[in-house]
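Structure record follows, encoded as structure tokens.
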Amino acid sequence: MHITQFPRSILAVILLLAVAVGCSSRPAADSPNPSAAGSGSATAAASAEPRVVRHLKGETTIEGEPSKIAVLDYRLADSMLALGAKPYAMTTYLGSTDTEYLEGKPLEGVKNLGDKTNLEAVLDAAPDLIIARKGDEAIYDQLNKIAPTILLEETGDWRKDLRSFADILGKSEQASQWLQQYEGKATEAKNKLAAASAAGKTVAILRVLEKEYRVYGTSPQLGGIVYGDLGLQAPDSVKAIKKFQAISMESLPEFDADFLFVQVGFPAVGGDKEAEKKFDELKQSSLWRNLKAVKNDQAFVLPYWTLRDFPLINEKALELVTRKMTGK
């Protein structure tokens, strides 16, 4: 049989084996090829001195300017864009490199690696640096045979994590500038809330899932924006919750607030139908109709992405919450 008649899956295995053989004498910290074509991608500024990146799987040395960076989470692409860079390849969000909170198409042309890391797709993309999150730890060795791979260690503090990510790309100054800009927007948003007499009002965050209701606490993610960056007040029942607490529908009045933000379901193409059905049932109940926020037309549904915790997501969530609460 001629080699071109092999099924693609067999060819992929052969290629992976070839990569493994070729890389078997290379340490994990092997440097990427700084001269590789970037196909329009904008990445780290060239550095005269190699950067040694310590991460969950050891150390990786980056020399020069990697031009074909693959990120294995759409939220890492978010961080790259905030730093004025663009990935060469990325895993996707609901099958697309486009995300609804980004204006325009800033990720157009980026190679699509699938919603979950597809080793064959990563191999075909031939990146010169791979940046992954802890969820890809099980395939780290395979990834590292394709290209030097950094496995990020995240702290739960998105500002600190952005700075660490910027260090990898040689963009520490850009991170400082972006965070300074964000703090300015948060201050401006607080002033808008005060002008609209929304400052000092209580706010609760509810998530409706197919099998449960969750009330979110004061940190992190959206709670960090609402109660931290915007300085809004949580009902006493919410203050003891750090991340989230599952509740029954009957206990919802215990979390009554002046404003209520609701997120419905898990991300899915076309929406999470079962969660939407559960929310429709909730809205028909007297418990829902008697909530202060509902009676005053101050209950708002927010998209799923507002519960994530990365720079551009947080910036857009800050704007969205402010607009909902002020009406402008």
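The values are calculated or read from the model by the stated rules, or taken from the named source; none is laboratory data. Bear in mind the structure is a predicted one, so any value in this text is a computation, not a measurement. Reconstructed Cβ throughout: ideal geometry from the backbone, glycine too, with neighbour counts over all protein chains shown.
Per-residue answers, yes or no, for (1) crowded, with 17+ Cβ neighbours inside 10 Å; (2) in a loop (DSSP other than H, G, I, E, B):
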position	(1), (2)
Val238	yes, no
Ile241	yes, yes
Glu250	no, no
Glu254	no, no
Phe261	yes, no
Glu274	no, no
Lys277	no, no
Glu281	no, no
Practice prompt. Could you tell me which of the residues Leu76, Leu102, Leu81 is closer than 20 Å to Trp178 by Cα and in a loop (DSSP other than H, G, I, E, B)?
Written response: Leu102
Practice prompt. For segment 201-219, name all the residues that are touching a strand residue (DSSP E or B) at 6+ places or on another chain (Cβ under 8 Å), over 16 Å from Leu282 (Cα atoms) and in a loop (DSSP other than H, G, I, E, B).
Written response: Lys201, Gly217
Worksheet item: What is the number of the single condition among (1) touching a residue at least 40 places away in the same chain (Cβ under 8 Å); (2) among the acidic types (Asp, Glu); (3) under 24 Å from Gly224 (Cα atoms) that Glu120 does not meet?
Response: (3)
Fill in: Filter pass, Asn144 being over 16 Å from Pro311 (Cα atoms) and crowded, with 20+ Cβ neighbours inside 10 Å
yes
Worksheet item: How do the pairs read when you match residues in segment 132-147 that are touching a residue at least 60 places away in the same chain (Cβ under 8 Å) and assigned by TED's automatic domain parsing to the domain that holds Glu63 with residues anywhere that are part of a helix (DSSP H, G or I) and of a type in the set (Lys, Arg), using Cβ under 9 Å and keeping only pairs 6 or more apart or on different chains?
Response: Arg133/Arg75
Worksheet entry | Selection from segment 205-225 of residues that are touching a residue at least 40 places away in the same chain (Cβ under 8 Å) and under 25 Å from Leu312 (Cβ atoms) | Ile205, Leu206, Arg207, Tyr216, Pro220, Gln221, Leu222, Gly224, Ile225
Practice prompt. Working carefully through the options Ala126, Ala121, find the one that is in contact with a strand residue (DSSP E or B) (Cβ under 8 Å, 6 or more places away or on another chain) and surrounded by 14 or more Cβ atoms within 10 Å (Cβ to Cβ).
Written response: Ala121
Fill in: Failed criterion for Leu179 (all others in (1) surrounded by fewer than 19 Cβ atoms within 10 Å (Cβ to Cβ); (2) closer than 22 Å to Leu129 by Cα hold)
(2)
